[in-house]
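The next block holds one structure in the form of C-alpha cells; read it before the comments.
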C-alpha cells in the first residue's frame, strides 16, 4: 500500500512540517510512504531523506502563504497512491486531490483555521468545502480545537482526535546538551523566561516583550521570522537590551539545554492560528512549567491550567506579567507545575502514542 503525505513544505521548518516528518517516519515500516511538497523555487527536486522519497515540486509564484504550481496535480497522480493524506490548510493540495482524477481515499489533518486573510478566505471557502466533502476522515490535534473551529462544525462526524507528540528519544540530553547547559547557567545566573518559535504575528512576541517590563528576569527568544527587526526596535524602545536576548535558531541538542535552563516557558499566542503548540510539549518534557494563552484551540489542552502551567487570556501583557511573576516567585508552585508538566508530556504527548493512533486510523480506512 502506498501512502502519500502532502504538505506545503517538507523538512524541519515548523510545527506542521515536523508532524509530517513524524508521520512519514512512523508509517514507513507498515506502508510504502512518500512525501509531496512545494519547492521554494521553480525547479522540481526529488530526494530520499531517511528512507522517505520526497518530491518538492517547483512553483511559479507564492502569495498569502499559498504556492502556485500547475504541475502539482500531475505529480500527485503519477505517484499512484492508495491513500493521500493532506495537511491543511493547503489550497494547492486540495485542488490537486479534487482535479487530478484520483479515486483513492483521502485523509486530511486540519492543523489550523485561517484567521487574518478574510477576503482570500471567502474565495477559498467553497473549494475547502468541496475538499472536506471528498475526505474520508479529518484528524485534529484536540477535541477543543475541533469543537470551536468554524470550518469543522459541519464535518464533526468525520473528525478523529489525534494528539501530536514528540519523540521521547529526542528529549534525552546528550553530552553537547550538558556542555551547553553549563554555559547557559554561567551566562544567565538568575531567573530565565524562554520563548521558542517563529517571530511572526500570531505568536504574540510583542506581548511578551511588553510584559517583561514588569518582570525581573532574563528573557531568551529562540527562532527567526519577519518580525525580528520590529521586535529589536521594541526591545530598544523599552531599554531592555540587557534583559531580552534574540538568540536566533539553535540545534536540537542545544534547544534541550535552553528548555532545561528556563524557569518558565511562554507561548503568548494571540489568535486561533496557534492550533496546538508543540514547543509546549518540548518544554514540558524537560520539566519546565508553561504559560500559554486560551485562544480556543489545543494550546490549553496541551498545557492544563494549574497542572503543567498557567493559562491566561491572549493579548494581555499585564496578565502575562502577573503569571510570570507568580511562577518565578513561588518555588513550591514552580516545583509542582514542573512535575505535572513532565508527567503530562510523558503520558499524553509522545510520538509513539501518536503514531500508534495514526496507524489505527489508517487501518480503519484501508481495511
Mind checking the angle between helix 331-348 and the chain's longest principal axis? C-alpha axes, 0 to 90 degrees, to the nearest 10.
-> 20
What residues of region 237-260 lie in the reach of a label at residue 187, counting those whose backbone N is under 17 Å from a point 7 Å from the Cα along Cα→Cβ?
-> 241-260
Helix 175-187: angle to the longest alpha-carbon principal axis of the chain, degrees 0 to 90, nearest 10?
-> 40
In whole angstrom, the spacing between the Cα centers of region 335-367 and region 116-183 equals 14
By the gyration tensor of its Cα atoms, with a ≥ b ≥ c the square roots of the eigenvalues, what is the shape of region 207-246: rounded for a/c under 1.5, prolate for a/b over b/c, or oblate?
-> prolate
Ordering of 35-41, 190-196 by packing [mean C-beta count within 10 Å, highest first] = 190-196, 35-41
For labels at residue 63 and residue 30 in the simple 7 Å Cα→Cβ model, what's the distance in nm?
-> 4.2
Mind ranking 225-232, 165-172 by how tightly packed they are, going by the mean number of other C-beta atoms within 10 angstrom, highest first?
-> 165-172, 225-232
How many nm is it between the label spots at residue 239 and residue 227, if each spot is 7 Å from the Cα in line with the beta carbon?
-> 2.5
First check a/c for region 264-367, with a ≥ b ≥ c the square roots of the eigenvalues of its C-alpha gyration tensor; if it is under 1.5, answer rounded, and if not, answer prolate when a/b is larger than b/c or oblate otherwise.
-> oblate
Angle between the chain longest axis and helix 317-329 axis [Cα atoms, degrees, rounded to 10] = 60
Taking a ≥ b ≥ c as the square roots of the Cα gyration tensor eigenvalues, with a/c under 1.5 meaning rounded and otherwise prolate when a/b beats b/c or oblate if not, region 169-348 comes out rounded
Between region 214-232 and region 259-288, the Cα center-to-center distance that results, in Å = 15
Residue-span extension gain [residue 307 to residue 74] - 0.36 nm each, minus C-alpha spacing = 79.0 nm
Run the quick spin-label model on residue 143 and residue 157: label points 7 Å from Cα toward the beta carbon, then report their separation in nm to one decimal.
-> 2.0
Computed lengthening from residue 46 to residue 361, 0.36 nm per intervening residue step minus Cα-Cα distance | 110.6 nm
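Readers should treat all values here as calculations from the given coordinates under stated rules, not as data from a laboratory. Quantities reported herein were computed from a predicted structural model and do not represent experimental measurements. Cβ coordinates were reconstructed from backbone atoms using ideal geometry, including for glycine residues, and neighbour counts include every protein chain displayed.
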